[in-house]
Every structure is written in structure tokens, then in C-alpha cells.
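One structure below.
The values are calculated or read from the model by the stated rules, or taken from the named source; none is laboratory data. Just so you know, these numbers come straight off a predicted model, no measurement behind them. Every residue, glycine as well, gets a Cβ built from its backbone with ideal geometry; the counts of neighbours run over all protein chains shown.
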Amino acid sequence: MKVDVKSLDTFNQLAHEGAQEATRSMAQMTGIDAAVDVTRISLIDRADVGEELGSGEFVGVQFGFEGALSGETVLIFEDDQTTEIVEALMPGASDDENMAQSAIQEIGNIMMSGFIDGWAEHLEARIDHTPPGYIEGTSEAILPDDPDVGDHDEVFVFRSEIQWEGESVTFFIYMLPEYEPMAQLMSEYAETGEDAIPIEKLAVFNKMTRQGTEKAAENVQQMSGIETEAEVSQISFVPIEDVPKQFDEKLYVGTVVEFTGVPSGFLLVLFDEASAVTVAEALMPVEMESEGLTEQHKMAIEELGNIMTSGFVDGWANVLQQTVEHTPPTVVHDMGQSIIDPLAAQLGQFQRHAFVIDSQMKTDEVAFQSEIHALPNEQELREALETLDVDRADQTEADHIF
Amino acid sequence: MAEVLIADDSEFMRNLLREILEENHTIVGEVENGVEAVEVFKEQQPDLVMMDIVMPIRDGIEATDEIKNTDPSANVIMCTSVGQEEKMKEAVKAGADGYITKPFQKPSVMEAIQDVVPS
């Protein structure tokens, strides 16, 4: 089965419109303006779904759906936003726990019916859904169990964020369809032109990304002694103008390199400020006297970013039997969106959509978290996948030459 | 004591290599790019060059190629974060005598040097 940019775009658009429909329904009920911030389709390892939710407590509603598509979908938000949402719906109801729960169930029902109906309408098919079930839980545990993915290790996840205007209330919609019907449907929408990509090659590429992340985590551990684990690897498809929205407004320190070859693009290794200080100090042979981030810290981050970048892309190069060159790293210290914005703009001259490759690593030992984001040229990534020999997928290490 | 030239654009990495090497070797120079590496090699004629690959202005493989053309008996160990097979083949073609992948520990550096410049 193959997908192409057109089919991915269609389904991304479909999920986005579904989220917009859900937003309209909510605005009608509450009078509160909201906007769909981000929608993306990701192919992600089953175990990694929802890692981005962090450690917060969430509440929401869950539906099962079946028909043209089968699976589960949820609408969730952070527990501490419950009062604000319930009061907007039904002033005074937040003091009554049962009433508050019922209000949440109802807003979820109305929003998600709009979401699912949008899909059914576009597919000109019937999609039935179960009544809404109230859910609560911590971080990714609130998300539905894995959909039926057959022999596959990955799941397709459609994820949208809806933001109340002027408020810090964010709704997250996750839709997890069963693998085979979704893949089948996407392939029906694909034109059999030369830009079609076999879905299994996307999945293999995702595995390579996971191995690259593991290598980068191993490098961090070797250099700093901080025990680090690869947490997430996913490949997502988004319109190019939405790429910066994938990043929050947190301050990051890290490196950016431009890589050339097939594919070319940009690669970012980012640390939040506290993690940057922690890891840089672990790299230094002597204890630092200053507090906060200094030029010495940045120098250490520059080299760590360089080594992590190589660890990450070398696997691609070895599997693809090509060279992926990269420029020396440029140190960045800015908000996530400000870092990615000029890079997305540069790619936007040549493409309307982007495959974004995201990885995350962290450790429980100390406060440390790092992210790697790759933004390859879309056309060249497709060329690379075209030449990818699936049987070589685990050959990420170079043969012993010296 | 072997005389060593360190070529790496990262000051952090030059410091780290210097700390590892200076106990048993003489550091004759530290440079930040391939052009400077060739110049200092010609001036100092060190026993060994520890050469990074990804450097601005001129990369380590081009610099190694020129050093080996100037002096075929020169010893060059690539000391790089790049672990790509194709890149290693390029390094061999340019005449590199050894290859250490970052991040490295002191024993692996000493072992690679011992292989190339036996004491």
C-alpha cells in the first residue's frame, strides 16, 4: 500500500476540518472563541503515543467508532482547567462533581460528534460511534489502548490542538484508527504517480529514526555519564506553515545544522535551559562557579549537539548507503518557534508540506530532557525512501573499515 | 614523546584532546579548520595529526588528502563524530591511518595512537 503527499494532505486536512467542526460546536455552546492550532498525522511507535502529554493529570471523553474507519478517539484537557471549562458551559456547576462530569461529557459529545461526522461526510461513508465515556488519568495513560495494528509496530495517530482565544485552555484530540483500514483508505486516496511512498517504508524509516535516537542517547551517556534513554520517535506530516506551531514557546538551548545529501534539510538538537546547564556541567572536567548558562556551557552544548547529530544521521546514511554531510553546528538560544521559523521558511520556498521527524530522550536520574527534530526536504526524503532497501534497515552501524 | 597537532573546530573538543594527550605527548599546535591544519603541518612536521572531519572553511578529509600528498609518511587519525561508512571510505582514500568516533574515552584514543605511532 502506498501513500502520497496528496493523500496525506487530504487526511491531514480532514482531521483539521473535523477539529474545526468540533471547535465551532464548542463556540456555539459556550460563546467562547477558539481556534485549531495544530493538526498532524503521525506514524509512531505504539509505546510512544501521548508521550508529549508529560506528567499532567487529564480528563475528557472517549468514543469508539466503526464503519468506514474503526478505532478510538478522545478529547482531553488538563484537569486543572476543568473549572474554567465547566463554568463557561454552566455557571455554578463546577462545585457539583456529578454536574461537572456531566457537563464535560456533554461538551465532549458535541465536539467529537462534529469531528467524526466531518470524517464520515468527506468519506461519503457511515461511521458510527459509541456514547461518550468520561475518562480521567495521568499523562499518556488517559489515551485509549492500542488500536488493532496487526503485525505492525506503529500506529497512525491524528492529533489536533484547540486553543481558547486569550485563555490558557487547550483541548487535545487524539484519533487512533485501526492500522489496516486506515492504510487501505489512505492508499485509495493516493495517486499512483511517482511520488507515492510505500507505507511500510515510512514505518522502516521511523524505526531507523528510533535507532538514531538511541545512538544519540548513548552518546550523551558516554560523554556526560548521565544515563539517558530514547523516549519517542515519530514521523509526522504537516503543512509547512504549521511546522513552527509544533514547537512551544519555551526557551531552548541547542544546535542547528544543515545536512546535505539525499535527503537534505535541517536538524536541531535542543535542550531546555535547565537541562542544557545540567548536561554541559556533566561534560566539563572542572566544576563551574557561575550560575545559569554561560559561554562555556554553550561551547559544551555545541560539541554535544555535533556528536548527537552525527549519531542520529549516521544510521540513515549507512542504511541508505549514502553520505549525509552536515555543516558545523550553530548554537541557538531562543524560543522553540523562533528557532524553527526561519528553517521552515527556507524549506517553504520549495514545498508546501513537511515530514517532521521528532525524537525525545530523557532520564529520571536528573532533570534532563533533550529533543531532536529533523526537517528534511520533502521531495528528497521521498527519493531516499524510494531507494531504501527494507532488508538493510538494521544496518545502521558502519562496517569495520579501520 | 610524539608531537601531535590537533585540528578540531570545537574548542571544547580541543581542550578534551589536549588533556588526554599532554601527559604522554607534545602538543605542537591546535587549529580550527582544514586550511590551518595543512599550514601548521607544513611548518611543524608533527608525528601525528588528530583531524576532525566536519570543520568550516576546509574539511578534515580534504586537509588529510593534501597533507598526505605533501608528505606520504605523515600520520593522520580522523577524530570525528561522523560514523558513516561512506565517509570512512573517503577517509581511507584520502590516506587516513586511523579513525576514532566521538564520543571517545582515553583508552580508545591511546590505543588508536599506539597503532599508528608506536612508542
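Selection of the stretch A:330-339 for residues being more than 14 Å from chain B (Cβ to nearest Cβ) and in a strand (DSSP E or B) yields A:VAL332, A:HIS333, A:ASP334, A:MET335. Among the residues of the stretch A:314-329, write down those that are at the interface with chain B (Cβ under 8 Å from one of its Cβ atoms) and either within 24 Å of the chain's Cα centre (by Cα) or not in a helix (DSSP H, G or I) (or both). Passing the criteria: A:ASP314, A:ALA317, A:GLN321, A:GLN322, A:THR323, A:VAL324, A:GLU325, A:HIS326, A:THR327, A:PRO328.
Exactly one residue out of A:ALA276, A:ALA354, A:ALA344 is in a helix (DSSP H, G or I), touching a residue at least 60 places away in the same chain (Cβ under 8 Å), more than 10 Å from chain B (Cβ to nearest Cβ) and buried (at least 17 other Cβ atoms within 10 Å of the Cβ), and it is A:ALA344.
For the stretch A:110-149, a tally of residues being of a type in the set (A, V, I, L, M), free of Cβ contacts under 8 Å to residues at least 60 places away in the same chain and in contact with a helix residue (DSSP H, G or I) (Cβ under 7 Å, 6 or more places away or on another chain) returns 0. In the stretch A:53-82, the residue that is farthest from A:ILE162 (Cα to Cα) out of those that are assigned to a loop (DSSP other than H, G, I, E, B) and under 20 Å from the mean Cα position of the chain (by Cα) is A:SER55.
Which ones in the stretch B:18-38 are away from chain A (no Cβ under 11 Å), buried (at least 18 other Cβ atoms within 10 Å of the Cβ) and of a type in the set (A, V, I, L, M)? Scanning the stretch B:18-38 gives B:LEU21, B:VAL28, B:VAL31, B:ALA37, B:VAL38. Of the strands (runs of 3 or more DSSP E) that lie entirely inside the stretch A:98-175, those containing 2 or more residues that are exposed (fewer than 15 other Cβ atoms within 10 Å of the Cβ) span A:133-138. Restricting to the stretch B:49-97, name every residue that is within 7 Å of chain A (Cβ to nearest Cβ) and among the basic types (Lys, Arg). Within the stretch B:49-97, B:LYS87, B:LYS89 qualify.
Considering the stretch B:1-57, the residues that are more than 13 Å from the chain's Cα centre (by Cα) and of a type in the set (Val, Ile, Thr) include one that is nearest to B:ILE67 (Cα to Cα), namely B:VAL35. Contact annotation: residue pairs with Cβ atoms under 9 Å, 6 or more positions apart or on different chains, pairing a residue in the stretch A:158-183 that is not assigned by TED's automatic domain parsing to the domain that holds A:PRO239 with a partner that is of a type in the set (Lys, Arg), are A:PHE158/A:ARG40; A:ARG159/A:ARG40; A:SER160/A:ARG40; A:GLU161/A:LYS245; A:PHE172/A:ARG159; A:ILE173/A:ARG159; A:TYR174/A:ARG159; A:MET175/A:ARG159. Within the stretch A:36-47, the presence of a residue that is in a helix (DSSP H, G or I) and polar (S, T, N, Q) is excluded. The numbered conditions (1) part of a helix (DSSP H, G or I); (2) surrounded by fewer than 20 Cβ atoms within 10 Å (Cβ to Cβ) are all true for A:ALA384 except (2). Going by what's in this entry, would A:THR228 be described as over 18 Å from A:LEU375 (Cβ atoms) and touching a Lys or Arg at 6+ places or on another chain (Cβ under 9 Å)? It is true that A:THR228 is over 18 Å from A:LEU375 (Cβ atoms) and touching a Lys or Arg at 6+ places or on another chain (Cβ under 9 Å). Can we say A:GLY336 is in the same structural domain as A:LYS201 (by TED's automatic domain parsing), under 24 Å from the mean Cα position of the chain (by Cα), modelled with pLDDT of 90 or more and within 22 Å of A:VAL253 (Cβ to Cβ)? So A:GLY336 fits the description; yes. Of everything listed in (1) modelled with pLDDT of 85 or more; (2) within 14 Å of chain B (Cβ to nearest Cβ), the single unmet condition for A:VAL262 is (1). Mind counting the residues in the stretch A:289-313 that are in a helix (DSSP H, G or I), more than 8 Å from every other protein chain (Cβ to nearest Cβ) and either over 17 Å from A:LEU375 (Cβ atoms) or over 23 Å from the mean Cα position of the chain (by Cα) (or both)? The total comes to 6. Within the stretch A:209-227, the set of residues being within 12 Å of another protein chain (Cβ to nearest Cβ) and not in a helix (DSSP H, G or I) comprises A:GLY225 only. Only one of the listed residues (A:ASN206, A:ASN219) is under 30 Å from A:MET112 (Cβ atoms) and of a type in the set (S, T, N, Q). That residue is A:ASN206.
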